[in-house]
Amino acid sequence: MKINTARYIKGISGTDEILYDGKFQVAFMGRSNVGKSSLINSLVPVRNLARTSRSPGKTIRMDFFLINYKFYFVDFPGYGFAKVPEKIHDKLRKMILWYLLYSQVKNRLIILIIDLKVGLTAYDKTILDILEERHIDYLLIANKSDKLKKHEKDKQLREIESQLSFGEVIPYSVKENYGRNRLLGILTEVE
Ligand SMILES: Nc1nc2c(ncn2[C@@H]2O[C@H](COP(=O)(O)OP(=O)(O)OP(=O)(O)O)[C@@H](O)[C@H]2O)c(=O)[nH]1
Ligand SMILES: [Mg+2]
């Protein structure tokens with residue numbers, strides 16, 4: 001798939017009509033700083049569309065970007081940043097769980113992004129368990145693969161794969177533009 005146009009529509013912090021306008025949603029979730037916004041930026045022809053934040057955890061919003069006038073990329077706030085007060089963490093987790101469990105959004109693909117070197121953290125596992133139990137379509141993207149040597153990459157990938165019961169893990173590097181074509185190929189099928 002080629003992404004020709006991408007436009008910021010709005011940020012929401014709870015239920016909103018945009019969730020139910022029938023357009024497919026590709027939702028990017030993951031720990032703070034794993035590269036969600038960078039990855040979105042790497043896919044679209046608009047420079048710095050999704051903010052790559054310098055102050056992680058400040059925004060408790062789901063940001064909607066309209067892609068090719070057809071479907072949405074949804075950028076979720078990152079979780080797990082140590083300096084964020086527990087109250088904000090709590091709000092964040094509630095937003096993610098609400099979206100996954102109760103929002104009733106049907107046409108969507110969750111892209112869970114992790115750091116290949118770090119692997120699955122406890123909260124990544126919580127999300128993954130929900131995705132698998134509820135049979136929600138997802139892709140696991142292991143970003144920042146540039147930080148590991150080849151043999152370390154393979155070892156980490158196998159370790160992560162062993163924790164999944166369905167769904168696939170895609171090694172990725174925004175920095176090296178690695179995995180991009182594979183991801184765009186998969187997105188062609190879902191939109
Ligand atoms: N080495 C390396 N660094 C990356 C890669 N992708 C993103 N980064 C860096 O990781 C940092 C965080 O990237 P963001 O895109 O802001 O991460 P985020 O997940 O959107 O963060 P929050 O919005 O705070 O949750 C930035 O300094 C990026 O340049 C990658 O593939 N390799
Ligand atoms: Mg971000």
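Can you tell me which residue is farthest from residue 8 (Cα to Cα) among those in segment 66-82 that are away from ligand 2 (no atom under 15 Å from the Cβ) and assigned to a loop (DSSP other than H, G, I, E, B)?
Among residues in segment 66-82 that are away from ligand 2 (no atom under 15 Å from the Cβ) and assigned to a loop (DSSP other than H, G, I, E, B), the one farthest from residue 8 (Cα to Cα) is 82.
Listed here are the residues, each with its yes/no results for (1) modelled with pLDDT under 95; (2) in contact with a helix residue (DSSP H, G or I) (Cβ under 9 Å, 6 or more places away or on another chain).
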residue: 114; (1), (2): no, yes
residue: 125; (1), (2): no, no
residue: 141; (1), (2): no, yes
residue: 144; (1), (2): no, no
residue: 148; (1), (2): no, yes
residue: 155; (1), (2): no, no
residue: 164; (1), (2): yes, yes
residue: 167; (1), (2): yes, yes
residue: 172; (1), (2): no, yes
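So, in segment 104-122, how many residues would count as being surrounded by fewer than 17 Cβ atoms within 10 Å (Cβ to Cβ) and part of a loop (DSSP other than H, G, I, E, B)? Full working, then the answer.
Step one: of segment 104-122, the residues surrounded by fewer than 17 Cβ atoms within 10 Å (Cβ to Cβ) are 104-107, 117-119, 121-122.
Checking the rest, the ones that are also part of a loop (DSSP other than H, G, I, E, B) come to 104-107, 117-119, 121.
Residues flagged as surrounded by fewer than 17 Cβ atoms within 10 Å (Cβ to Cβ) and part of a loop (DSSP other than H, G, I, E, B) within segment 104-122 amount to 8.
If you go through segment 13-69 one residue at a time, how many are open to solvent by less than 40 Å² (accessible area, probe 1.4 Å), more than 15 Å from ligand 1 (Cβ to nearest atom) and modelled with pLDDT under 95?
1
Is there a residue being on the phi < 0 side of the Ramachandran plot, outside any helix (DSSP H, G or I), within 16 Å of ligand 2 (Cβ to nearest atom) and touching a Ser or Thr at 6+ places or on another chain (Cβ under 8 Å) anywhere in segment 95-103?
Looking through segment 95-103, none of the residues is on the phi < 0 side of the Ramachandran plot, outside any helix (DSSP H, G or I), within 16 Å of ligand 2 (Cβ to nearest atom) and touching a Ser or Thr at 6+ places or on another chain (Cβ under 8 Å).
In a helix (DSSP H, G or I) and either of a type in the set (A, V, I, L, M, F, W, C) or without any contact (Cβ under 8 Å) to a residue 12 or more places away in the chain (or both): is that true of residue 157 in this structure?
Taking the combined requirement at face value, the residue satisfies it.
Please verify whether segment 19-39 includes one or more residues that are closer than 16 Å to residue 98 by Cα, more than 15 Å from ligand 2 (Cβ to nearest atom) and more than 13 Å from the chain's Cα centre (by Cα).
Yes, because at least one residue in segment 19-39 is closer than 16 Å to residue 98 by Cα, more than 15 Å from ligand 2 (Cβ to nearest atom) and more than 13 Å from the chain's Cα centre (by Cα).
The values are calculated or read from the model by the stated rules, or taken from the named source; none is laboratory data. On a predicted model such as this, the values are computed, not experimentally measured, just so you know. All Cβ positions, even for glycine, are placed from backbone atoms using ideal geometry, and neighbour counts span all protein chains on display. Surface areas here come from the heavy atoms of the whole protein model, side chains and all, with no ligands, DNA or RNA. Shrake-Rupley method; radii C 1.70, N 1.55, O 1.52, S 1.80 Å.
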